[in-house]
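Remarks on the structure that follows.
Values quoted throughout were computed directly from the atomic coordinates according to the rules given, and no laboratory measurement underlies them. Nothing here was measured: the structure is a model prediction, and the numbers come from that model. A quick note on method: Cβ atoms are made from the backbone with ideal geometry, for glycine too, and the neighbour counts reach across all protein chains shown.
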Amino acid sequence: MQATADYALARLLQLASPALPVGAYSYSQGLEAAVESGVIHDAATAGVWIGDALALSMAKFEAPVWCGLHAAWSAPDYEGVRSLDERFRTTRETAELRAETLQMGYSLRRLCLELGEFDAHSLGELGSMEEIAFPTAFAFAAAQWDIPARDALVAYLWSWLENQVMAALKAVPLGQTDGQRLLIRLGGSLSAIAKAALAEDGTGFANFAPGLAIASSRHETQYSRLFRS
């Protein structure tokens with residue numbers, strides 16, 4: 001049992017690692033545009049922006065959708081996977097946000113298909129999806145490696161948070177200590193977010209974060225930028 005738990009932990013760290021070859025580091029999800037406009041200009045305002053995105057978008061929509069995807073892959077319920085994947089893709093308000101999740105989903109799916117680790121039938125279902133969002137591919141890998149949903153979701157959220165903080169370090173810019181303080185402060189909410197997401201029955205999904213969508217759309221035409229659009 002301990003060996004199995006250790007294996008799942010190692011695979012979880014692998015999924016959450018910045019070394020996962022999906023290109024997450026190349027996106028800022030509107031944060032760079034918020035820096036350009038002056039909304040973000042120091043550690044305090046970066047913390048407000050990232051914290052709001054975490055609370056209003058990730059916690060209220062992406063996290064509970066991810067939980068549903070993990071449950072559907074685990075069942076397995078492939079129709080449920082496709083339905084939730086489509087639902088997530090249709091909520092990407094800008095071309096930039098849609099391209100991000102599809103590119104990262106494609107990259108992680110390709111990695112899963114090439115690793116030689118997973119059930120052939122499940123891999124066939126994964127490979128048959130014409131387009132796939134990143135949370136769908138991440139949930140697939142977590143379910144296949146028998147990683148508990150709560151642990152995997154906390155890691156998923158942590159990976160998102162770390163990418164946002166790293167984007168702030170580059171774009172504002174901020175110092176490394178500022179970044180670590182942000183990770184400690186905002187990371188403290190991830191357990192509660194995961195708990196609430198796991199309890200969500202699908203009727204309370206909400207993705208109302210207009211400021212994030214506006215910043216992302218502005219970033220698509222921003223003249224000079226570090227991050228991908």
Which condition number in (1) surrounded by fewer than 22 Cβ atoms within 10 Å (Cβ to Cβ); (2) more than 18 Å from R109 (Cα to Cα) is the one that S216 fails? (1)
Kindly provide the set of residues from the stretch 21-56 that are touching a Phe, Trp or Tyr at 6+ places or on another chain (Cβ under 9 Å) and within 19 Å of A152 (Cβ to Cβ), ordered by number. V22, A24, L54
The stretch 2-39, residues that are within 29 Å of A213 (Cβ to Cβ), in contact with an Asp or Glu (Cβ under 9 Å, 6 or more places away or on another chain) and of a type in the set (F, W, Y): Y27
If you go through the stretch 64-81 one residue at a time, do you hit one that is out of contact with any strand residue (DSSP E or B) (no Cβ under 6 Å at 6 or more places or on another chain), polar (S, T, N, Q) and more than 30 Å from E220 (Cα to Cα)? yes
Answer yes or no as to whether A43 is surrounded by 20 or more Cβ atoms within 10 Å (Cβ to Cβ) and small (G, A, S). no
Please give the number of the condition F227 fails out of (1) more than 27 Å from D6 (Cα to Cα); (2) assigned to a helix (DSSP H, G or I). (2)
